[in-house]
Structure formats: structure tokens, C-alpha cells
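The values are calculated or read from the model by the stated rules, or taken from the named source; none is laboratory data. Note that the coordinates shown come from a computational prediction; the quantities given were computed from them, not determined experimentally. Positions of Cβ are backbone-derived with ideal geometry, glycine not excepted, and every protein chain shown enters the neighbour counts.
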């Protein structure tokens, strides 16, 4: 019997990968494994654009709503949970379809987690205090020490900025240099990696429409409900685009109109970073369309991969 092949469906945010992944799973007798760092959190539905009820009824979805938003869900936890979900799907004779925009999670699933230097509590506390006083100076420091890694991170991604700085200071080398010195080994799974790449103007228009829809659907009320349930404002779950801006509105710092503008801008930046990552990822086959238009071509590429 031939070795199982994972089907990966990725792409920038708002490109329709959730829809395409579910349709592919339905066509192939499969189940979806979500690779989204924030869709794991219970109660965070609108801002994470989780699959709608129709898609979740069409095929089983795994790794949605598996974590408490008051706690931090890590890449290591994702790797363990995704491996278990894939093994369970294969044991039932079904096809695993991995869908998501957290490309670090997808990369970890395919190649494993890089063994970075262990953290040092004293240094991390120093960096945390420095961030509180002047985050811009730490962004500039990372751009100086590791410009390649800095270019891939959102200015608001405190966790990864501080970790990249921590590695630079502990190892005496940039994180990007350590990764380069440890080239990819054999993938953990055979895979067919498909990525949506719709035209940028159309994607930007769709991002703006999605943000407006989220607001109309009750994103502010969802964020308020999470706060009322005891999720602290500094929780990692609230670092997700949309929620962090909603918290500023709820705190009285921003107007809703300004917050929506900030969400649109941040989402566009995220989409750009996702495409940059995908262009550097090995074995990606791009589909120049939105997910709703790509099913036939995706199935054809899947069949090609099965014959290789």
C-alpha cells in the first residue's frame, strides 16, 4: 500500500481556503485538520472566521475550539494534536486535508520544530520590561540583529519579536541564520501543498468586505463576552487581528470606524507576509484564484501529485 499523502490548502487570509479545503475534503472522502493559531480557541468565532455551520456539517473539522482562550496554545501542542488527528483520520480510511493560514504551524507539521536554544527567564523578563517601556526600540534592535526574521513579523507580534531577540542574544547568531544552517530534512509526511494566490486588488477588496462583515456580525460583542468570561486583555488569544482592535474600542481608546481601518490595514499586511512565506516554502503549487473558483484545478493537481 502506498504511503498516505497529506493535502495542504493554504493561502493569504480571506482567499477562500476554508471553503476550498472543505470542498476538497468532501470530494475526496476526507476530513479537515485546521492549522490556525487562533481558531483553536473556544468562543472566538467571528474574528477568526471559523468555518460556518454548513461547512462543518459537510465534513468533520479537527482542532477547532480545542483550547481555553485564557491559556496559551503553542506550536508544540498543535504538532501533537495535529499528528493525533491525522493518525485518527487515516485509521478510518479517510483523507486528511490540512487547512490554514498559520504557516509556521503548517511548516512544523511537515518538517518538525526547529530546536532553538532554550529560553532564559531573566533575559525574557528584561525584554518584557523593555517592551513595556519602548517597543519600537526592540523592533529596531531586531531589525539590526536579524533583518531577515524581522521582515517576516508583524510590528505587534510581541511574542515572536521577543523570542527572536532572545535567540540572538543567547546564541550570538540570528534566528534566521540558525535556521539556514539547519536545512530541511526529510518531510514528516508525503504531501501535496496547494496555495491560493488571487489578484491583489480583488483580495484587498475582499479583506475590507470581510472586516465589515465581522463588525456587523458582532465582533465587539464577542470580544466583550470573552472579557466577561475572564479572558484577560493581555491573553495571547487577544493578539489576533480584530480582537486587539476591538479591545481598544471597548476601552474607549478608538472609534469603531478607526478600529475597522486598523483591522483592514493589519489584515492586508498579514496577507502579504503569508504570501512571502509561501513563495519560500518548498513544493508549493499556486492557484491564481479564490477558493470558490479553484476546486477543479485543485483536484487536478491532487491527482497529479498522487501519480508522482
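Reported count of residues in region 226-238, each being closer than 20 Å to residue 49 by Cβ, part of a helix (DSSP H, G or I) and at pLDDT 95 or above, is 3.
Would you mention how many residues in region 51-61 are touching a strand residue (DSSP E or B) at 6+ places or on another chain (Cβ under 8 Å) and under 21 Å from residue 212 (Cα atoms)?
First, pick out the residues of region 51-61 that are touching a strand residue (DSSP E or B) at 6+ places or on another chain (Cβ under 8 Å): 51, 55, 59-61.
Cutting the leftovers down to under 21 Å from residue 212 (Cα atoms) gives us 51.
Selection size over region 51-61: 1.
Taken over region 219-246, the criterion of being exposed (fewer than 14 other Cβ atoms within 10 Å of the Cβ) and touching a residue at least 60 places away in the same chain (Cβ under 8 Å) is satisfied by 225, 229, 230, 232.
Name the residue that is modelled with the lowest pLDDT, counting only residues in region 88-104 that are assigned to a helix (DSSP H, G or I) and touching a strand residue (DSSP E or B) at 6+ places or on another chain (Cβ under 9 Å). Working first, answer last.
We begin by selecting, within region 88-104, every residue assigned to a helix (DSSP H, G or I); these are 88-91, 103-104.
Cutting the leftovers down to touching a strand residue (DSSP E or B) at 6+ places or on another chain (Cβ under 9 Å) gives us 88-90, 103.
On the way: 88: 97, 89: 98, 90: 97, 103: 93.
Applying the filter and picking the extreme gives 103.
Only residues that are touching a residue at least 60 places away in the same chain (Cβ under 8 Å) and either within 12 Å of residue 12 (Cβ to Cβ) or assigned to a helix (DSSP H, G or I) (or both) were counted across region 258-286, and they come to 14. Listed by position, the helices (runs of 4 or more DSSP H) inside region 126-176 whose residues that are crowded, with 20+ Cβ neighbours inside 10 Å and out of contact with any strand residue (DSSP E or B) (no Cβ under 9 Å at 6 or more places or on another chain) number at least 3 are 158-171.
One residue is enough: does region 292-299 have a residue meeting the conditions in contact (Cβ under 8 Å) with a residue 12 or more places away in the chain, under 18 Å from residue 10 (Cβ atoms) and either in a strand (DSSP E or B) or within 19 Å of the chain's Cα centre (by Cα) (or both)? No, there is no match, as no residue in region 292-299 is in contact (Cβ under 8 Å) with a residue 12 or more places away in the chain, under 18 Å from residue 10 (Cβ atoms) and either in a strand (DSSP E or B) or within 19 Å of the chain's Cα centre (by Cα) (or both).
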